[in-house]
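Worksheet: the structure to be examined is printed underneath.
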Amino acid sequence: MRRFAALMLGAAAFCGAVTAAPGQATALAKEPCGFYKTGSDAYYRHCTTDGSNVVIKVEVAWAPDYQRCVGPGRTWLGSASRIQGAHYVGRTC
């Protein structure tokens, strides 16, 4: 079990180093992968180690939903009051 935990910690540290610039690792570590909101904004964070771009479906209040291609890292989707959710649709772009 200790070996597995050490392996997972090493993998997490590696992923943080690959996706974050120096000084950003702490801030990015607090952001979840996928859709999330802050007090005023909605974001989608694509966590990847291969540099892929993926298609997400963005769910919008009082407007049509839409699909969007996002790259690695954090993408601003809009106001937290307007964006209801977002999820990976299963394909790259």
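The values are calculated or read from the model by the stated rules, or taken from the named source; none is laboratory data. The structure displayed is predicted, hence computed values, not measured ones. Cβ sites come from the backbone with ideal geometry, for glycine too, and all protein chains shown count toward neighbours. For the accessible areas, the whole protein counts, side chains as well, though only heavy atoms, and no ligand, DNA or RNA atoms are used. Shrake-Rupley method; radii C 1.70, N 1.55, O 1.52, S 1.80 Å.
Rounded to the nearest 10 Å², what accessible area does Arg74 show when all protein chains are kept and the probe is 1.4 Å?
130
Provide the net charge surrounding Glu31, with neighbours chosen by a C-beta distance below 9 Å and charges set as Lys +1, Arg +1, Asp -1, Glu -1.
Once positives and negatives cancel, what remains is +3.
At a Förster distance of 22 Å, what's the computed FRET efficiency of Thr48 paired with Trp76, Cβ-Cβ distance as r, to 0.05? Walk me through the numbers on the way to the answer.
Details: r = 18 Å, r/R0 = 0.81.
For Thr48 and Trp76, the calculated efficiency is 0.80.
At a 1.4 Å probe radius, carbon and sulfur cover how many percent of the accessible area of the stretch 28-93?
The C+S portion of the solvent-accessible surface of the stretch 28-93 is 49 percent.
Rank these by accessible area, largest first, 1.4 Å probe: Trp62, Trp76.
Trp62, Trp76
Leaving ligands, DNA and RNA out of it, rank His87, His46 by accessible area with a 1.4 Å probe, largest first.
His87, His46
Would you list Tyr66, Tyr44 from the most to the least accessible area, probe 1.4 Å?
Heavy-atom accessible area, descending, gives Tyr66, Tyr44.
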